[in-house]
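Reading through the structure tokens given below for one structure.
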Amino acid sequence: MGLISKRKPKHYAVGVKEIIEMDSKSIEGRFGVAEDGGCASIFVGSVTKGAQGGGFLYTNKESISLGCVANISAAMSGDIRVDEFMEDFKSSSAIKNLIEGGKSVEYSARTIPEFDLTHMPRLYGDRMLLLGDSACLSMNIGYAVRGMDSAIASGFYAAETATRAVKSRNFSKDSLSAYESALRGSFVLGDMRRFGRAQKFLENKRIYEYYPALANRFLKRLFSFASTPKEGVREIAGDEILRGGLMKILMDMWRAWRWL
Ligand SMILES: Cc1cc2nc3c(=O)[nH]c(=O)nc-3n(C[C@H](O)[C@H](O)[C@H](O)COP(=O)(O)OP(=O)(O)OC[C@H]3O[C@@H](n4cnc5c(N)ncnc54)[C@H](O)[C@@H]3O)c2cc1C
């Protein structure tokens, strides 16, 4: 219908999510949370074997949601299967014991649009409104995937616009353009504008390979004790930072500052 221009693999990620049923007492004990509390973790680095993406785990009252997300273009160039990430993630030392004895009750996979405002589809046409993920209103901002809030809000504004269209018996694109104006005035397109540039930042492979490895090396050196005199924190940090190239790290920090 000509609503969207040609899409590329880099505009989508694939997410895999499993729901693992577990009694609330085991969840409280394993995650150290109170009855009305919860735990959410995100993972970056080995979970996607260095490809753009990450893993997540969060507790529900009687289940755990566990999953991973990988950008399609990154997965294609690394010749990687996302379901294999998931199996390796589940059997990794970080996760294995946390889910042991749980029962897998749901397993699903779907694409997640990762668009910025410049690649968004047209949101309305004659007799037509696009909302939620079909309108590419979800966002990956690195530390979170958002989309449910935009899907609900766009549903609300679409319903308002449709109600007015029914009353005035006018379903033309001019009449339905009020939908886009409403989204522009709300957090939906406001946050897309603010965080849309995060996509550029998240294409940086160093986030998924270099920085997780740097954090591991730094912590290993920090907590290793031998018969030789211990290095100071400043020495370890300086050495690791210089090894990775100070200019590159400063550039990455600048990009994070600009785009996040
Ligand atoms: C792994 C993963 C983790 C995520 N984590 C978060 C998170 O933590 N927070 C957050 O806010 N968002 C998250 N999201 C994004 C969020 O799930 C989506 O943005 C949101 O579900 C979009 O809602 P929607 O109603 O537009 O689409 P959907 O939820 O995809 O609903 C579309 C429905 O239409 C049905 N359908 C499709 N085609 C047809 C057809 N031809 N006929 C009839 N029915 C059809 C589908 O089966 C589906 O039920 C995550 C997504 C994934 C994949």
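Picking from L137, L130, which residue would you name as being assigned by TED's automatic domain parsing to the domain that holds N170, touching a residue at least 24 places away in the same chain (Cβ under 8 Å) and in contact with a Ser or Thr (Cβ under 7 Å, 6 or more places away or on another chain)? Full working, then the answer.
Working: L130 fails: in contact with a Ser or Thr (Cβ under 7 Å, 6 or more places away or on another chain).
Exactly one residue qualifies, and that residue is L137.
Could you look through the range 127-156, keep only residues that are touching a strand residue (DSSP E or B) at 6+ places or on another chain (Cβ under 9 Å) and closer than 13 Å to L3 by Cβ, and pick out the one that is nearest to the ligand (Cβ to nearest atom)?
Restricting to residues being touching a strand residue (DSSP E or B) at 6+ places or on another chain (Cβ under 9 Å) and closer than 13 Å to L3 by Cβ, the top hit is S134.
Just wondering, is there one or more residues in the range 162-174 that are in the same structural domain as A40 (by TED's automatic domain parsing), among the β-branched types (V, I, T) and more than 15 Å from the ligand (Cβ to nearest atom)?
Initially, the range 162-174 is screened for residues in the same structural domain as A40 (by TED's automatic domain parsing), giving none.
Within the range 162-174, not a single residue is in the same structural domain as A40 (by TED's automatic domain parsing), among the β-branched types (V, I, T) and more than 15 Å from the ligand (Cβ to nearest atom).
Every residue in the range 229-260 that is among the aromatic types (F, W, Y) and in contact with a helix residue (DSSP H, G or I) (Cβ under 7 Å, 6 or more places away or on another chain), please. Let's see the steps before the verdict.
Pass one, the range 229-260, residues among the aromatic types (F, W, Y): 254, 257, 259.
Passing the criteria: only W259.
Can you find even one residue in the range 96-111 that is touching a helix residue (DSSP H, G or I) at 6+ places or on another chain (Cβ under 6 Å) and modelled with pLDDT under 90?
Here is the first cut: in the range 96-111, the residues touching a helix residue (DSSP H, G or I) at 6+ places or on another chain (Cβ under 6 Å) are 98.
Among the residues that remain, those that are also modelled with pLDDT under 90 are: none.
Among the residues of the range 96-111, not one is touching a helix residue (DSSP H, G or I) at 6+ places or on another chain (Cβ under 6 Å) and modelled with pLDDT under 90, which makes the answer no.
If I filter the range 105-118 for residues that are away from the ligand (no atom under 16 Å from the Cβ) and part of a helix (DSSP H, G or I), do I get at least one hit?
yes
Hey, any hits in the range 4-19 for a residue that's more than 30 Å from K205 (Cβ to Cβ) and out of contact with any Cys (no Cβ under 7 Å at 6 or more places or on another chain)?
Looking only at the range 4-19, we keep the residues that are more than 30 Å from K205 (Cβ to Cβ), and these are 19.
Subset that is out of contact with any Cys (no Cβ under 7 Å at 6 or more places or on another chain): 19.
Yes.
Quick check on this structure: which one of G147, G101, G132 is surrounded by 13 or more Cβ atoms within 10 Å (Cβ to Cβ), closer than 23 Å to V47 by Cα and not hydroxyl-bearing (S, T, Y)? I'd like the intermediate steps shown before the answer.
Values: G101 fails: surrounded by 13 or more Cβ atoms within 10 Å (Cβ to Cβ); G132 fails: closer than 23 Å to V47 by Cα.
From the options G147, G101, G132, the qualifying one is G147.
Scan the range 236-260 for residues that are among the β-branched types (V, I, T) and either closer than 26 Å to A70 by Cβ or part of a loop (DSSP other than H, G, I, E, B) (or both) and jot them down. Reasoning before the result, please.
Taking the range 236-260 as the starting set, the residues that turn out to be among the β-branched types (V, I, T) are 236, 241, 249.
Result: I249, single match.
The values are calculated or read from the model by the stated rules, or taken from the named source; none is laboratory data. The structure displayed is predicted, hence computed values, not measured ones. Neighbour counts are summed over all protein chains in view; Cβ atoms, including those assigned to glycine, are modelled from backbone coordinates with ideal geometry.
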